[in-house]
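*Asks:* Shown below is the structure under consideration.
The values are calculated or read from the model by the stated rules, or taken from the named source; none is laboratory data. Computed from a prediction, not measured in an experiment: that's the story for all the values here. Reconstructed Cβ throughout: ideal geometry from the backbone, glycine too, with neighbour counts over all protein chains shown. With ligands, DNA and RNA removed, areas are computed over all heavy atoms of the protein, side chains included. Shrake-Rupley method; radii C 1.70, N 1.55, O 1.52, S 1.80 Å.
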Amino acid sequence: MSGDMLDFEIISNPAPVSAAERAALLVDPGFGRVFTDHMVTIRYAEGKGWYDARISARAPIPMDPASAVLHYAQEIFEGLKAYRVGDGAVTMFRPAANAARFASSARRMAMPELPPELFVESLRRLVEIDQEWIPEGDGGSLYLRPFMIASEAFLGVRPAREYLYVVIASPAGSYFSGGVRPVTVWVSPDYTRAAPGGTGAAKCGGNYAASLVAQAEAIEAGCDQVVFLDAVERRYVDELGGMNVFFVYDDDTLVTPPLSGTILPGITRDALLTLAAEAGHQVEERPVSFADWRADAASGRLREAFACGTAAVITPIGGVRFPGGDFLVGGGQPGPVTTALQQRLVDIQRGRAADPHGWVSRVL
Ligand code: PLP
Ligand code: COI
């Protein structure tokens, strides 16, 4: 172990959920509603570094009402999944990439970086103690949610000097209600998510707070997710509220918006760029305008579109709505390229296919 590793104190939950109740909760967990028995906490203080790593019963966090996070939103998070694979082993998908993105988000939000090996070990420890909570079967996984908050009680506006890192875990099925089905997206006319120089590439809670009114508008318009256009010209597609986006054209090209600093560098996006190229597709990271999206869907040049992310995996985009109109992509049905990539990714994630890129990390 490196010098960055801490010893974890383990205080088992004295009153865990019963096996029968857990089994009932795991039948149809949905997304983000059911939680396991334990959590990880690690503290940080300036001048002292990271200390007091522990695993204990999942419980409310006592907080001073002056805690900086409650006022100035110094908060970052991550999301990744643990899977029960064929032989009873448990794996995670690319945890080192989440560790790196967590560190990068920390830098952007003027927070201390958690050493990557401590990040990965904290996940491993939680999965180990709560392994009974990993759903069996194809769609299920244990969604891990590491996050960090500024815990110093101080109202001056400057980076806090004390932080709390926490990991909770939530058994998950499909992100969208109704299971895996093509979704409809709403192109927000009024709201943008991130401007150049802003926090769009960081996974900070504030980005999601700012997206909620647009997401609510999407739901009101009968859609599943909001699509944000770029904040400067309001022309180019950035990403969805919680997912990256890909377009599939009739010349076998896959296109996704570039990492320009305003979108989240998705780990699923990154994996799909590799898998699509391996499958013989031409892949391009370049801006796509909403006008072209619409025109190419109408002409048939655009065959498929899909959203991708940890929670959503790969979800076909069947319909697009905007003020005053709507259109279908690929007749509203999942297309063959989307379906094949989804299958390929999930086969690797679930240990049904070889893992040539070393993305699958065995935990247990
Ligand atoms: N974009 C946003 C805004 C997200 O919240 C997410 C989800 O984490 C993604 C993209 C996809 O990222 P990843 O594939 O790393 O889960
Ligand atoms: C994820 O896919 O992990 C996300 O963070 C998306 C959303 C649940 C915030």
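*Asks:* Of everything in the stretch 57-71 that's in contact (Cβ under 8 Å) with a residue 12 or more places away in the chain and surrounded by 16 or more Cβ atoms within 10 Å (Cβ to Cβ), which residue is nearest to Pro135 (Cα to Cα)?
*Replies:* In this case the residue turns out to be Arg58.
*Asks:* Within the stretch 243-252, is there a residue that is away from ligand 2 (no atom under 13 Å from the Cβ), out of contact with any strand residue (DSSP E or B) (no Cβ under 9 Å at 6 or more places or on another chain) and part of a loop (DSSP other than H, G, I, E, B)?
*Replies:* no
*Asks:* In this structure, is Ala100 within 16 Å of ligand 2 (Cβ to nearest atom), among the aliphatic types (A, V, I, L, M) and open to solvent by 10 Å² or more (accessible area, probe 1.4 Å)?
*Replies:* It is true that Ala100 is within 16 Å of ligand 2 (Cβ to nearest atom), among the aliphatic types (A, V, I, L, M) and open to solvent by 10 Å² or more (accessible area, probe 1.4 Å).
*Asks:* If a residue has to be acidic (Asp, Glu) and either within 16 Å of ligand 1 (Cβ to nearest atom) or under 22 Å from the mean Cα position of the chain (by Cα) (or both) to count, how many in the stretch 285-303 make the cut?
*Replies:* 1
*Asks:* Given the criterion within 22 Å of Ala279 (Cβ to Cβ) and out of contact with any Pro (no Cβ under 7 Å at 6 or more places or on another chain), identify the matching residue among Ala298, Ala354.
*Replies:* When all the criteria are applied, what remains is Ala354.
*Asks:* Let me ask something else about it. Sort through Arg107, Arg145, Arg125, Arg84 and tell me the only one that's farther than 29 Å from Ser18 by Cβ and either modelled with pLDDT under 95 or of a type in the set (Lys, Arg) (or both).
*Replies:* From the options Arg107, Arg145, Arg125, Arg84, the qualifying one is Arg107.
*Asks:* Applying the selection to the stretch 12-56, what residues are among the hydrophobic types (A, V, I, L, M, F, W, C), over 27 Å from the mean Cα position of the chain (by Cα) and open to solvent by 70 Å² or more (accessible area, probe 1.4 Å)?
*Replies:* Listed by number, the residues that qualify are Ala15, Ala20.
*Asks:* If you check Gly222, Gly261, Gly179, Gly197, which single one turns out to be surrounded by fewer than 23 Cβ atoms within 10 Å (Cβ to Cβ), modelled with pLDDT under 95 and more than 12 Å from ligand 1 (Cβ to nearest atom)?
*Replies:* Residue meeting the stated conditions: Gly179.
*Asks:* Going through Ala311, Ala291, Ala295, Ala277 one at a time, which residue ends up being modelled with pLDDT under 95 and either more than 28 Å from Gly140 (Cα to Cα) or not in a strand (DSSP E or B) (or both)?
*Replies:* Ala311 is the lone residue from the list that is modelled with pLDDT under 95 and either more than 28 Å from Gly140 (Cα to Cα) or not in a strand (DSSP E or B) (or both).
*Asks:* Which of the following residues is touching a helix residue (DSSP H, G or I) at 6+ places or on another chain (Cβ under 6 Å), open to solvent by 10 Å² or more (accessible area, probe 1.4 Å) and not hydrophobic (A, V, I, L, M, F, W, C): Arg321, Arg303?
*Replies:* Sole residue among the options that is touching a helix residue (DSSP H, G or I) at 6+ places or on another chain (Cβ under 6 Å), open to solvent by 10 Å² or more (accessible area, probe 1.4 Å) and not hydrophobic (A, V, I, L, M, F, W, C): Arg303.
*Asks:* Scanning the stretch 324-364 for residues that are of a type in the set (Val, Ile, Thr) and part of a loop (DSSP other than H, G, I, E, B), which turns out nearest to Glu304 (Cα to Cα)?
*Replies:* Only one residue tops the list, namely Val329.
Residues are listed down the side, and each one gets a yes or a no for (1) within 16 Å of ligand 1 (Cβ to nearest atom); (2) under 18 Å from the mean Cα position of the chain (by Cα); (3) over 22 Å from Met5 (Cβ atoms):
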site	(1), (2), (3)
Gly88	no, no, yes
Met92	yes, yes, no
Asn98	yes, yes, no
Ser104	yes, yes, no
Arg107	no, no, no
Pro112	no, no, no
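*Asks:* Hey, any hits in the stretch 272-282 for a residue that's aliphatic (A, V, I, L, M), within 13 Å of ligand 1 (Cβ to nearest atom) and open to solvent by 10 Å² or more (accessible area, probe 1.4 Å)?
*Replies:* yes
*Asks:* Next question, about the same structure. Between a first residue in the stretch 122-147 that is touching a residue at least 60 places away in the same chain (Cβ under 8 Å) and more than 13 Å from ligand 2 (Cβ to nearest atom) and a second residue that is open to solvent by less than 50 Å² (accessible area, probe 1.4 Å) and among the hydroxyl-bearing types (Ser, Thr, Tyr), which pairs have beta carbons less than 7 Å apart while being 6 or more apart in sequence or on different chains?
*Replies:* Every condition considered, the pairs that remain are Asp130/Thr36; Trp133/Thr36; Pro135/Ser141.
*Asks:* Of the residues that sit in the stretch 226-238 and are open to solvent by 10 Å² or more (accessible area, probe 1.4 Å) and part of a strand (DSSP E or B), which one is nearest to Glu113 (Cα to Cα)?
*Replies:* Taking the candidates together, the pick is Asp238.
*Asks:* While we're on this one: Go over the candidates Val226, Val185, Val167, Val157 one by one and state the one that is closer than 22 Å to Tyr72 by Cα, among the β-branched types (Val, Ile, Thr) and within 16 Å of ligand 2 (Cβ to nearest atom).
*Replies:* Val167
*Asks:* Can you tell me how many residues in the stretch 199-216 are outside any helix (DSSP H, G or I) and free of Cβ contacts under 8 Å to residues at least 24 places away in the same chain?
*Replies:* Number of matching residues: 0.
*Asks:* Do we have any residue at all in the stretch 47-66 that's over 29 Å from Glu152 (Cβ atoms) and in contact with a Ser or Thr (Cβ under 7 Å, 6 or more places away or on another chain)?
*Replies:* no
*Asks:* For the stretch 21-29, check the following and say yes or no: at least one residue is within 16 Å of ligand 2 (Cβ to nearest atom) and touching a strand residue (DSSP E or B) at 6+ places or on another chain (Cβ under 8 Å).
*Replies:* yes
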